[in-house]
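Here's the structure we're looking at; comments come further down.
The values are calculated or read from the model by the stated rules, or taken from the named source; none is laboratory data. What you are looking at is a predicted structure, and each value in this text was computed from that prediction instead of being measured. Using ideal geometry, Cβ is built from the backbone for each residue, glycine included, and neighbour counts are taken over all protein chains shown. Accessible surface areas use protein heavy atoms only, side chains included; no ligands, DNA or RNA. Shrake-Rupley method; radii C 1.70, N 1.55, O 1.52, S 1.80 Å.
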Amino acid sequence: MSDTVTIIDNRTGKQYELPISYGTYPHYGASIEALALRKIKVDDDDFGLLSYDPGFTNTAACSSTITFLDGERGILRYRGYPIEELAANNSFLDVAYLLSKGELPDPAASESWADQICHHRMLHEQIKKFMDGFHHTAHPMGILVGTVAALSTFYPEVKEVRDAETRTLEIFRLIAKMPTLAAFAYRHSQGLPYAYPDDDLSYVGNFLSMMFKMTEQKYRPDPVLERVLDVIFTLHADHEQNCSTSSVRSVGSSLADPFVAVAAGCAALYGPLHGGANEQVLRMLREIGSKKKIPEYIERVKEGEVRLMGFGHRVYKNYDPRARILKELAPEVFSVTGSNPLLDIALELERIALEDDYFVDRHLYPNVDFYSGIIYQAMGFPVAMFPVLFAIPRTSGWLSQWQEMLEDEEFRISRPRQVYTGEDQRKKNALAAA
Ligand code: CMC
């Protein structure tokens, strides 16, 4: 037995032997090089075979050591650590360190990492002028996309993406400033004065303060909500090569700076099929309105009229482990905030869907967005902020992936091929000839 695959081209009768490569697991991630297919030609003038994969459903665009995701078994690990363990035992900032550097920090490294991030929380005052330019009804995710890209213009050295020291500085800046941008976007939409960062508070505690501080001298976050939001940030920190991460890698592969690459990630995340789904789940639960209307809604889903938001995933064909953790966290949040009637609808919706052949046959389970929105709403976040709450922690994953890409020996600009199906060269344009 050899680690190769043999292909016979029935057009020519020729046989090709292509080597198979493996990642960490022999039965998960075995691959052949797409470029090897180019040897398969009818004659010397033939360009050779391409692999055709709309939506990249079966194409590995890179090798990565950051996140392992086995959707069939419902496994998610960052740098080898199960998500359940990290959520239970580590702070989000330590997880961000793990994603970036490959190891969990010791106490000294953890403190220094948190200090650096704390140091970079402030925004240039000019950014407030950008904020002020947005209409008060502007979606905070749109504001985030625009302002994070605008930050690129404040730091001339940001173009030095090949310089490791500069990259580290930009990673600190972006992880630190995203919550500030997010909170400012929210305060602008509410017509509230901006609340500046508070160095005495944790990463998450400070974010809550910048969001919700009113006239009190000092905002004191509820410790249960602070801890739960920290766990939620860990759950959202990375998810291998999803739509937004691929966008960050793709934009970053032209050696564009990390601020605009992260802006591209935010833009990709904004869509309702990705990070915007948590917002849509809430709107859907409100539309359903009561448990007795669930069967009617499920019928509409089955008829293809609407999608069950927060259900299904390109990779998970099993229960998303992040959704399971969130479902368990919900009662903790409600013990502080009081219950959210939408939770009862969500639980019943999940129960009915998981027993229905339509969802069973298609392996459609709740994903991370199904329960996160209900928790965010109970915490007092407006619905439009939900995708922003996804973008803040995912920035750490995007930047780890961006850094890994730039350090990869196989690094090349991202540039897919296409199969052209349009017109062959046409006869002279009749209008031009006239
Ligand atoms: N509700 C109803 N049917 C669905 C759903 C859903 N949420 N998701 C997939 N299906 C059906 C789909 O209609 C198709 O059925 P058929 O084979 O009869 O045509 C089948 O399941 C396969 O669907 P697909 O669209 O080919 O699957 P995909 O891998 O291209 O899409 C997805 C993945 C996440 C875009 C999709 O499941 C979806 O639209 N879900 C709702 C939006 C959502 O919750 N997104 C958040 C994803 S998790 C957070 C993140 O990382 O962004």
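The table below lists the values:
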read-out: Any hit, segment 76-92, residues being part of a strand (DSSP E or B), loosely packed, with under 13 Cβ neighbours inside 10 Å, free of Cβ contacts under 8 Å to residues at least 60 places away in the same chain and not acidic (Asp, Glu); value: no
read-out: Yes/no for Leu50 being outside the structural domain of Lys101 (by TED's automatic domain parsing), loosely packed, with under 14 Cβ neighbours inside 10 Å, closer than 23 Å to Ser414 by Cβ and among the aliphatic types (A, V, I, L, M); value: no
read-out: Odd one out for Ala330 among (1) touching a residue at least 24 places away in the same chain (Cβ under 8 Å); (2) within 15 Å of the ligand (Cβ to nearest atom); (3) among the small types (Gly, Ala, Ser); value: (2)
read-out: Test: residue in segment 305-316 that is near the ligand (Cβ under 9 Å from one of its atoms) and on the phi > 0 side of the Ramachandran plot; value: yes
read-out: Residues of segment 390-404 satisfying the condition of being open to solvent by less than 30 Å² (accessible area, probe 1.4 Å) and either over 30 Å from Gln280 (Cβ atoms) or not in a helix (DSSP H, G or I) (or both); value: Gln403
read-out: Top-ranked residue of segment 146-187 - restricted to ones that are open to solvent by 30 Å² or more (accessible area, probe 1.4 Å) and of a type in the set (Asp, Glu), ranked as nearest to Glu407 (Cα to Cα); value: Asp163
read-out: Hits in segment 56-75 (condition: within 16 Å of the ligand (Cβ to nearest atom) and either free of Cβ contacts under 8 Å to residues at least 40 places away in the same chain or among the basic types (Lys, Arg) (or both)); value: Asn58, Thr59
read-out: Filtered residues of segment 270-287 (kept if part of a helix (DSSP H, G or I) and within 14 Å of the ligand (Cβ to nearest atom)); value: Tyr270, Ala277, Asn278, Glu279, Gln280, Val281, Leu282, Arg283, Met284, Leu285
read-out: Residue in segment 412-434 that is under 30 Å from Thr65 (Cα atoms) and in a helix (DSSP H, G or I) present; value: no
read-out: Filtered residues of segment 241-268 (kept if within 16 Å of the ligand (Cβ to nearest atom) and either aliphatic (A, V, I, L, M) or open to solvent by 10 Å² or more (accessible area, probe 1.4 Å) (or both)); value: Gln241, Asn242, Cys243, Ser246, Ser247, Val248, Arg249, Ala264, Ala267, Ala268
read-out: Tally of residues being more than 30 Å from Gln418 (Cα to Cα) and open to solvent by less than 40 Å² (accessible area, probe 1.4 Å) across segment 53-75; value: 1
read-out: Residue match in segment 302-311 (condition: assigned by TED's automatic domain parsing to the domain that holds Ala346, closer than 15 Å to Leu347 by Cα and part of a helix (DSSP H, G or I)); value: no
read-out: Residues located in segment 205-240, provided they are assigned to a loop (DSSP other than H, G, I, E, B), surrounded by 19 or more Cβ atoms within 10 Å (Cβ to Cβ) and out of contact with any Ser or Thr (no Cβ under 7 Å at 6 or more places or on another chain); value: Lys213, His236
read-out: Selected residue (criterion: most open to solvent (accessible area, probe 1.4 Å)) from residues of segment 354-389 that are within 11 Å of the ligand (Cβ to nearest atom) and hydrophobic (A, V, I, L, M, F, W, C); value: Leu364
read-out: Residue list for segment 10-29, restricted to those being surrounded by 14 or more Cβ atoms within 10 Å (Cβ to Cβ) and either touching a strand residue (DSSP E or B) at 6+ places or on another chain (Cβ under 7 Å) or in the same structural domain as Ala268 (by TED's automatic domain parsing) (or both); value: Tyr16, Leu18, Tyr28
read-out: Sole exception among (1) farther than 24 Å from Thr245 by Cα; (2) touching a strand residue (DSSP E or B) at 6+ places or on another chain (Cβ under 6 Å); (3) part of a loop (DSSP other than H, G, I, E, B) for Ala60, by number; value: (1)
